[in-house]
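Undergrad: One structure coming up, written as structure tokens, with questions to follow.
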Amino acid sequence: MNYHWNWGIFWELSPDASGTYLQTLFNGLRWTLATGFTAWVIALALGLVIGTVRTTPLVWAVRLGNAYVELFRNIPLLVQMFLWFFVVPELLPTSLGSWLKQLPNSSFWTAVVALAFFTSARVAELVRAGIGSLPRGQMAASTALGMTLPQTYRHVLLPMAVRIVLPPLTSEFLNILKNTAVALTIGLMELTASTRSMQEFSFQIFEAFSAATLIYLVVNGIVVLAMRGLERWVAVPGYIGGRSS
């Protein structure tokens, strides 16, 4: 293959004169991180609540939680992204729909909402499985100590369940960072979109996507190391990955 490699392209001025191509990629990275972290905070909060509700004795709440999970887990993320961006504003009252369309950085907020709901359903399933894997005796012991149901979940079940599901939660965190790439379809200039822009203007496709690959690997590697450190920090000695004394 007769391809002219040009690694100096990253220090050349981009066509929009906003900076070099390298700065373009880092601007995309900032949008990727902002979108991923914001969506993750929302997804984690929703997932914890919905996953917990699905293990309670409240039948109506369990059914509502199950419906939520099946709805957002079984519709492809790309379809959800399009629904939130193109369809939802049209279904709302005209004034509200127009406000959403004219919202500054509307593609960013749409991506956050879509990613948050999509990922929260997956987090909820992890939390439900984590609570379900705990010995039933913990609930009985909490009741015998006079704890109410909310106190049992807050002080006994959830702290242990979260420790169990930390590894799969790490995977979901990595997924939400990678899934931000889908937002390029609604105009968000995150890392993948910035990379495509660079290769379209410079025609240096291999350099552009090699750089993007390296950036994704570095970011995800940092997340993995941080989460492993968190796992060691919260581990209970002699239980769930903790070392016996």
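Undergrad: Quick one: ranking Leu13, Leu184 by accessible area, 1.4 Å probe, largest first, what do you get?
TA: From most exposed to least exposed: Leu13, Leu184.
Undergrad: For segment 39-143, state what percent of all Cα-Cα pairs lands in each successive 10 Å bin, counting from 0 Å until the bin that includes the largest distance.
TA: 15, 35, 29, 14, 6, 1
Undergrad: Something else about it: For Trp31, Trp11, what's the largest-to-smallest order of accessible area, 1.4 Å probe?
TA: Reading off the accessible areas and sorting them downward yields Trp11, Trp31.
Undergrad: Along segment 23-35, what does the Karplus equation 6.51 cos²θ - 1.76 cosθ + 1.60 (θ = phi - 60°) give for ³J(HN,Hα), rounded to whole Hz, x for Gly and Pro?
TA: Running phi through 6.51 cos²θ - 1.76 cosθ + 1.60 with θ = phi - 60° gives 5, 4, 5, 5, 5, x, 4, 4, 5, 4, 5, 4, 5 Hz.
Undergrad: In segment 36-155, carbon and sulfur make up what percent of the accessible area (probe 1.4 Å)?
TA: About 70 percent, which is the carbon plus sulfur part of the accessible surface.
Undergrad: For segment 1-101, just the Cα atoms, rotate onto the principal axes and tell me the three extents in Å, largest first.
TA: Sorted largest first, the three principal extents are 64, 36, 29 Å.
Undergrad: Can you list the HN-Hα couplings for segment 191-208, worked out from phi with the Karplus curve (6.51, -1.76, 1.60; θ = phi - 60°), rounded to whole Hz and with x for Gly and Pro?
TA: Rounded to whole hertz, the list is 4, 5, 5, 5, 5, 4, 4, 5, 6, 6, 7, 9, 6, 9, 5, 5, 5, 4.
Undergrad: For a quick check: with amide H placed at 1.01 Å from N, whose amide H comes under 5 Å from Thr20's, ignoring anything fewer than 5 positions away on the same chain?
TA: Amide H neighbours of Thr20, under 5 Å, 5+ apart: Ser14.
Undergrad: Compute the Cα gyration tensor for segment 87-232, then decide on rounded, prolate or oblate, letting a ≥ b ≥ c be the square roots of its eigenvalues: rounded whenever a/c is under 1.5, prolate when a/b is larger than b/c in the other cases, and oblate in all that remain.
TA: Oblate, since a/c reaches 1.5 and b/c is not below a/b.
Undergrad: For the chain, what is the mean residue ellipticity at 222 nm derived from helices alone (per DSSP H run of n ≥ 4: -39500 (n - 2.57); sum divided by total residues; nearest 500 deg cm²/dmol)?
TA: That comes out to -23000 deg cm²/dmol.
Undergrad: As I understand it, the dipole of the chain uses +1 on the Cβ of Lys and Arg and -1 on the Cβ of Asp and Glu, about the Cα centre. Which of Asn2, Ile42, Val53 lies farthest toward its positive end?
TA: The Cα lying farthest towards the positive end belongs to Val53.
Undergrad: Based on Cβ point charges of +1 for Lys and Arg and -1 for Asp and Glu, what charge dipole magnitude is obtained for segment 62-157 about its Cα centre, in debye rounded to the nearest 20?
TA: 240
Undergrad: Net charge near Phe37, counting Lys/Arg +1 and Asp/Glu -1 over other residues with Cβ under 14 Å of its Cβ?
TA: Combined, the nearby Lys, Arg, Asp and Glu give 0.
Undergrad: GNM on the chain, C-alpha springs below 10 Å: top fluctuator among Ile50, Ile176, Ile222?
TA: Of Ile50, Ile176, Ile222, the Gaussian network model singles out Ile222 as fluctuating most.
Undergrad: Of Leu217, Phe203, Pro159, which is farthest towards the positive pole of segment 142-219's charge dipole, taken about the Cα centre with +1 and -1 on the beta-carbons of Lys, Arg and Asp, Glu respectively?
TA: Pro159
Undergrad: Also: Using each residue's phi in segment 105-121, evaluate 6.51 cos²θ - 1.76 cosθ + 1.60 at θ = phi - 60° and report the 3J(HN,Hα) Karplus result to the nearest Hz, with x for Gly and Pro.
TA: Result, ordered by residue: 6, 4, 5, 5, 5, 5, 4, 4, 5, 4, 5, 5, 5, 4, 6, 4, 5 Hz.
Undergrad: In what sequence, largest accessible area first, do Arg228, Arg163 appear using a 1.4 Å probe?
TA: Arg228, Arg163
Undergrad: Points 7 angstrom from Cα along the Cβ direction at Leu64 and Leu13: gap in nanometres?
TA: In this crude spin-label approximation the distance works out to 5.8 nm.
Undergrad: May I ask for the angle, rounded to the nearest 10°, between helix 59-74 and the longest principal axis of the chain, with both axes built from Cα atoms and the value confined to 0 to 90°?
TA: Here the helix axis deviates by roughly 20 degrees.
Undergrad: Which value, in debye to the nearest 20, describes the size of the charge dipole of the chain about its Cα centre when Lys and Arg Cβ atoms bear +1, Asp and Glu Cβ atoms bear -1, and nothing else is charged?
TA: Dipole about the Cα centre, nearest 20: 1040 debye.
Undergrad: Please report the projected area of the chain's Cα convex hull averaged over all directions, in nm².
TA: 18.5
The values are calculated or read from the model by the stated rules, or taken from the named source; none is laboratory data. Model, not experiment: these values are computed from the prediction. When we count neighbours, we look across all protein chains shown, and the Cβ atoms used for this are built from the backbone with ideal geometry, even at glycine. Just so you know, the surface numbers come from the protein's heavy atoms only, side chains and all, with ligands and any DNA or RNA stripped out. Shrake-Rupley method; radii C 1.70, N 1.55, O 1.52, S 1.80 Å.
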